[in-house]
1. Quick one: what do you get for the stretch A:64-176 if you divide its Cα Rg by 2.2 N^0.38 Å?
2. For the stretch B:135-248, what is the convex hull (Cα atoms) projected area averaged across all directions, in square nanometres?
3. Find the Cα radius of gyration of the protein assembly as shown, compare it with 2.2 N^0.38 Å by division, and give the number to two decimals.
4. Could you compute the net charge surrounding B:ILE516? Neighbours are other residues with a C-beta less than 11 Å from the C-beta of B:ILE516; K and R count +1, D and E count -1.
5. With a ≥ b ≥ c taken as the square roots of the eigenvalues of the C-alpha gyration tensor of the stretch B:394-451, please select rounded if a/c is under 1.5 and otherwise prolate if a/b is larger than b/c or oblate if it is not?
6. Can you sort B:VAL81, A:VAL272, B:VAL121 so the residue with the fewest Cβ neighbours within 10 Å comes first?
7. Which angle from 0 to 90°, rounded to the nearest 10, does the C-alpha axis of helix B:226-238 make with the longest principal axis of chain B?
8. Using square roots of five times the C-alpha gyration tensor eigenvalues, list the equivalent-ellipsoid semi-axes of chain B in whole Å, biggest first.
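Coordinate-derived values only; no laboratory data. Bear in mind that the values here come from a model prediction, so they are computed numbers and not experimental data. Cβ sites come from the backbone with ideal geometry, for glycine too, and all protein chains shown count toward neighbours.
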Amino acid sequence: MAVDARVVGIAGTAKNTGKTTALNAILAAAHPRGVAVAVTSIGYDGEAVDNVTGLPKPRVVLPGGALATTARSCVPPAGWEVLEATGSWTALGEVLLVRCLEPGAIVLAGPNRRSELARVVERVQALGPSLVLVDGALNRLAPMSVASAFILATGAARTADIPALVREAAAMESFFRLPARLPGRAGAPTVVHTPFPSVDELVEASACAEDAPVEFSFLLPVHPDVLVRVTHDRRLRSHVAAVTFYDPVLPLLCGDAVAMAAALQRCRERGVEVGVERPVTLAAVTASPFLPRPQGQRYVADTVPAGALLAAFRSALRSPVVDVVAEGSEALWEAVAAAAAPGSTS
Amino acid sequence: MKSILCVPLDPVHDVGIKLIRSALAQRGHRTELLSPDLPAEEVVRRAAAEPWDYIMVSRTLGYGVAEILARFVDLLDAAGVRERSKIVIGGKPVTSELAAELGFDRGFGEHSTVDEVVAYVEGREAGAGATAAARTKPDVTAGFTYDVRHPRVAELLSTITERTLAWAQARTTPALRRVRLREAILDAPEAERNRLWQEYHTLCDGPIAEGNRDGSLPQGVRRVREGEARALRALLAERRAVGARGIRHAGAKPLMFKFLGSGCPVMDIVHAKVCERYGLDGFLLINPSWEARYEGLLDGLLTHENDGTITSEQNIRLVRELLDPASLLTVRAHRGLNTPETVLLAARAGADLTKINLVYGSLGAGTDPERLAVDGLEAMRIAARHGMGFDIPGNDELSGVPAWKSLAGQLATAAIGCALGARPILKPLFCYGPHIVLHGLMADNFVDYNLAKVRSLRSLVDAPIWPGEPIAFMTQTEDRVQSANATSYHAALAATAGVEAITVASTDEAYSRGPIALASRIDSIRAVADAYRFMGGAQLQPTAGVDGFTQRITDGIVTTLEEVARHESLPQAILAGALGNAEDGAYPGTFGRGSVTADGR
């Protein structure tokens, strides 16, 4: 199976949901297949101990020859070749592009804003890896817009309420299944440049004339309540023909995926087309039973029943669902390889 | 002028962001403080509405809050705010690593100051931190004339000095011959060194010569492996330099020192770097007791699992090289048979100060008084030649010697040092010593008698005073909190006394039963910093008893020096018990006895 310079983002719904475990699994599967990888992070990952919980964390171990980006202060003293400084800065210093000379652990601290991540990923791609992995941080998603495929890491660390967890994951999955559509096909596109606009602002932005169809193109986050109200508002309800998000990350950012999914469903029921300009493939969902449970002033490691968790996810989602620890890296690799292969679609 | 949006995402703990806002406003920056109860979406709208230079967020952390903050950063990113504004997080547990993980451009935590935040906004930060960059190496002895203010004491010290210098003039020791060879080795071309080393080894005791010649080092001693030294340098290179905290609340003194002497130079450096981070001014490198008993010094980067770090040239160099350039380094030399050579190596390695006390080194530290006198004088000459000051620890008090005898011995050593062109530092012990206990001199408080020592010395001579060694000796217990408190009170007293420096113990120093724990080092530094903050410009008020103690100490010094001046030289006075006798609990040392010979130079 050939994988050709695709960018796969590993995003989580919360801290400790298994992003690093998923990353290591892909790295472990890619290496024996001769797939050259590059890794960057949108935060800080690979540390031995969690910055918040104080619990041990999996290290990020790269095979020899792998490329990585990390802050200058995080480059290990030996075994790494610094290729170039990227000009991108984090709280830990300038981000460097390095090459792993021998297999070893590294702490990743890559560019953390969307535009800089895009620039650095482009630079990394020019060096010829087959696969660029963007390691997420906590529940951060915005920089993941650069990815062409997604792994969504979720699990009990997000909530130990398994039905709620599955509902949320299903809602998130639905954003990745939104159809691709270019704005302007259903009416005059109104590009919304205000984050979290009110209904009044949408009315003003659209300046809609009576009977003229309106199409909202959201480049910035919007609150699901506003979308619901759009379908009720007397000034808009008969004019709104379509809602387009730039990509599936945008509806994810609203903070309440279940509410957003319900709002979009409401739009569709009212005859409003919903889509994304730039689709992204959801390669897989990883479901981790691990959770750090507060105990006094510290945390202890705990789990929810792994089998029940996995079964619940698989019954509700159409995407491949993997418990990486229980099932190993191969299942995840197959999903990634299928999604990241040239020409693959969601 | 910058524009800053201040965002207290925490409804309760928003004091920090208000202080920062106030400081920024005072510097002429445009600031706006949002209400603490706004939802993230509204904050993002406000942040996007204007081209702010900085969005500063204040938030305490708990589990779940990290996700809230990460989403907030995400929203700012998605809203395009990050393209024009830097996003900053502040809160007690915030570290640079956490800030990076959350996606902020910069984080300020518990140890950050308002000034640091302002400097960051104004682009004044220099990576290593403004405080660290501003550190300059202090000079403990600067500005002192060494004038003796008490005519009788001046006369006595002059007599003692002249007699001692005359006595020593025609005498030599193996240490003097070695130090000349060692200087030649240091300056010789590579080809000649081997021959010089061979000659050097003829002047050494067997274990030293064998250790240097064929590598059969004394039991427990081994060379620091190349990988260990490399890992140490890598660790220091990997860790970002962090701006040092300040210990003093106001003023430039007392400087604060700690001992290094874990036995391992690598561990010493790791401890020292952390102490530097907490604002420590300098370190005293302490050698092992066995080293003091041998003629000659081992060569190489050496470690052993025992108290005291071997004072080889390479060990001193490594410590000096890896300390912050502004940190002071003192190397102990007076204890044993290698005093001049140790001072030479310390000077060549870039140490700033050394420790020489002809009296304590004999009475409390086991070296024959005559041997130490001859060696010590040469050591003072070397220190003078290299512009090194030397401190004179008064730890003979711990043997049971009364304070006035210890101080008289310090004054005699200082006077001889001045005559040889060196710059001595007096070190009255801030302690609850045996003589003090037996005579109830601190029955009421620890303030009067310690302060009286300083006042007495100040009345006699214009010289730097550095209580030690460490302060609060014999007042600490195995209770770390108590130890930290005791140290901090004595530090506050030292500040009241206006002394130049103090030496501070770690809170487990007397009870560690092994290497000092790093956390215990920080305990006492933090305790002292807190004491200085508490006292500020205020002063501890002694009772009326201080005047009587001061007078008694001064009278005792005069009486002691009169007794010393009756002898042929200082070492003869020590041997005769003028500066401490068997009744006091002081016995002249025996290391090197009989090794002083006529100088055939």
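1. Numbers: Rg = 16.2 Å, N = 113, 2.2 N^0.38 = 13.3 Å.
The reported ratio for this selection is 1.22.
2. Numbers: hull surface 58.0 nm².
Average of the hull's projected areas for the stretch B:135-248 equals 14.5 nm².
3. Compared with the compact-globule rule of thumb, the protein assembly as shown sits at 1.19.
4. -2
5. Since a/c reaches 1.5 and a/b is larger than b/c, the shape of the stretch B:394-451 is classed as prolate.
6. A:VAL272, B:VAL121, B:VAL81
7. Its long axis makes an angle of about 40 degrees.
8. Values: eigenvalues 524, 173, 73 Å².
In descending order the semi-axes read 51, 29, 19 Å.
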